[in-house]
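Beneath this line is the structure, given in structure tokens, with notes to follow.
The values are calculated or read from the model by the stated rules, or taken from the named source; none is laboratory data. Keep in mind it's a predicted model, so treat the numbers as computed, not measured. Neighbour counts are summed over all protein chains in view; Cβ atoms, including those assigned to glycine, are modelled from backbone coordinates with ideal geometry.
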Amino acid sequence: MKIILSRKGFDSASGGCPSPILPDGRLTVLPIPDPLSSICYGDISMAGINAGKLVEDLTDGRVGGTDTAHLDPDITPESLKRKRGWRPIFGQRGAAQGHLRNQRVGPGDLFLFYGLFKETDKEESKYRWKKSAVARHIIWGWLQVDEIFEVTPDLAVKYGWMSYHPHFEHADDRNNVIYLSKQILKAPGSEARPGSGVFSHINPALLLSSARWGSGASSWELPGWCYPKKGVYPLSYHGKMERWQRSGATTLLRAVPRGQEFVLDTVHYPEAIEWVSSLLTLNA
């Protein structure tokens with residue numbers, strides 16, 4: 001099994017700010033703006049809150065409820081009104097999909113979605129960034145691949161419930177696919193859990209960013225087993241030793257700041273399976 005750390009959601013380049021951690025600790029990942037999408041922020045529910053309100057409050061109106069959003073991955077049933085047959089899905093295309101293909105990502109592999117988050121307060125019914133809060137990379141969801149489909153007009157006909165997805169606006173891209181989630185997670189040693197989902201609240205186990213080796217969200221602290229060994233690097237795009245450092249029982253990493261898909265092969269790092277299983281228990 002391969003585990004893919006996949007960066008998704010608002011950040012300084014896409015959306016102009018982090019996604020919010022609500023005052024009660026709920027993680028609410030905001031999909032990035034997409035002028036080609038037919039989905040408005042005002043159509044989306046995030047943790048029971050209208051996404052249009054969140055983006056309007058936190059961007060001071062620069063992004064509004066009528067602006068359109070790239071809702072991808074789309075893994076929570078309550079985010080939109082659904083057609084019969086809907087299942088959680090994730091789309092990827094272009095160079096990022098080329099990397100996943102070259103890494104032979106396929107059925108049974110597991111995406112761990114992470115993004116840039118920052119704490120908020122609510123003042124007079126309006127969400128504001130919490131003073132002195134620092135933006136951090138946090139794992140917020142997962143999806144285990146069941147099937148992979150090339151995005152074509154025929155796919156939207158065969159699976160009509162998929163046609164809303166923004167990747168169908170790029171049907172002319174030959175390197176454009178949809179990953180369909182398993183309904184039940186299948187992994188060694190894992191209890192029966194949904195094949196996809198989100199972590200509802202912030203938890204220390206979900207934090208990637210750490211101040212122990214420099215500042216910035218891309219300074220990560222990982223489990224001790226996640227350290228290069230015998231010429232094999234744990235994550236794709238991170239094949240330079242100067243990015244890695246041991247620190248007691250943990251591993252510090254200067255992560256590639258703008259990467260999208262970092263692939264770990266559990267053949268070389270089997271400890272990752274137990275690590276993922278422990279994360280999923282947070283939603284038990």
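Looking at the stretch 11-25 only, could you name the residues that are modelled with pLDDT under 95 and either of a type in the set (Gly, Ala, Ser) or outside any strand (DSSP E or B) (or both)?
SER12, ALA13, SER14, GLY15, GLY16
Residue by residue, here is whether (1) among the small types (Gly, Ala, Ser); (2) modelled with pLDDT under 90; (3) within 21 Å of GLY9 (Cβ to Cβ) holds:
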position	(1), (2), (3)
GLY141	yes, no, yes
GLN144	no, no, yes
TRP161	no, no, no
HIS167	no, no, yes
SER181	yes, no, yes
ALA192	yes, yes, no
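Going by the conditions given, is LYS53 charged (D, E, K, R) and either in contact with a His (Cβ under 9 Å, 6 or more places away or on another chain) or not in a loop (DSSP other than H, G, I, E, B) (or both)?
yes
Kindly check whether there is at least one residue in the stretch 156-168 that is farther than 30 Å from LEU280 by Cα and charged (D, E, K, R).
There is at least one residue in the stretch 156-168 that is farther than 30 Å from LEU280 by Cα and charged (D, E, K, R).
So is GLY65 outside any strand (DSSP E or B), over 24 Å from GLU150 (Cβ atoms) and touching a helix residue (DSSP H, G or I) at 6+ places or on another chain (Cβ under 6 Å) or not?
Yes, satisfied.
So GLY64 passes all but one of these: (1) surrounded by fewer than 18 Cβ atoms within 10 Å (Cβ to Cβ); (2) touching a strand residue (DSSP E or B) at 6+ places or on another chain (Cβ under 8 Å). Which condition number does it fail?
(2)
Could you list, in sequence order, all residues of the stretch 228-248 that are more than 14 Å from PRO270 (Cβ to Cβ), modelled with pLDDT of 95 or more and not charged (D, E, K, R)?
Matches in the stretch 228-248: PRO228, TYR233, LEU235, SER236, TYR237, HIS238, GLY239, MET241, TRP244, GLN245.
Tell me, which residue of the stretch 115-160 that is among the aromatic types (Phe, Trp, Tyr), within 22 Å of ARG87 (Cβ to Cβ) and in contact with a Leu (Cβ under 8 Å, 6 or more places away or on another chain) is surrounded by the most Cβ atoms within 10 Å (Cβ to Cβ)?
Here the answer is TRP142.
Say we look at the stretch 10-22 and pick out the residues that are touching a strand residue (DSSP E or B) at 6+ places or on another chain (Cβ under 8 Å) and either among the basic types (Lys, Arg) or surrounded by fewer than 24 Cβ atoms within 10 Å (Cβ to Cβ) (or both); which of these is nearest to SER277 (Cα to Cα)?
ILE21
Looking at the stretch 226-282, which of its residues are buried (at least 16 other Cβ atoms within 10 Å of the Cβ), touching a Gly at 6+ places or on another chain (Cβ under 8 Å) and small (Gly, Ala, Ser)?
If the condition is that a residue be buried (at least 16 other Cβ atoms within 10 Å of the Cβ), touching a Gly at 6+ places or on another chain (Cβ under 8 Å) and small (Gly, Ala, Ser), then SER277 is the only one that fits.
Please work out which residue is nearest to LEU112 (Cα to Cα), limiting yourself to the stretch 206-261 and to residues that are within 22 Å of the chain's Cα centre (by Cα) and among the β-branched types (Val, Ile, Thr).
VAL256
Can you tell me which residue in the stretch 81-114 is surrounded by the most Cβ atoms within 10 Å (Cβ to Cβ), limited to those that are under 19 Å from ILE32 (Cα atoms) and small (Gly, Ala, Ser)?
Filtering first and then ranking leaves GLY91.
Give just the number: which of (1) at pLDDT 95 or above; (2) buried (at least 16 other Cβ atoms within 10 Å of the Cβ) does ALA187 not satisfy?
Status for ALA187: all satisfied but (1).
Could you please let me know if THR28 is within 17 Å of the chain's Cα centre (by Cα), among the β-branched types (Val, Ile, Thr) and modelled with pLDDT of 95 or more?
Here the answer is yes, as THR28 does meet what is asked.
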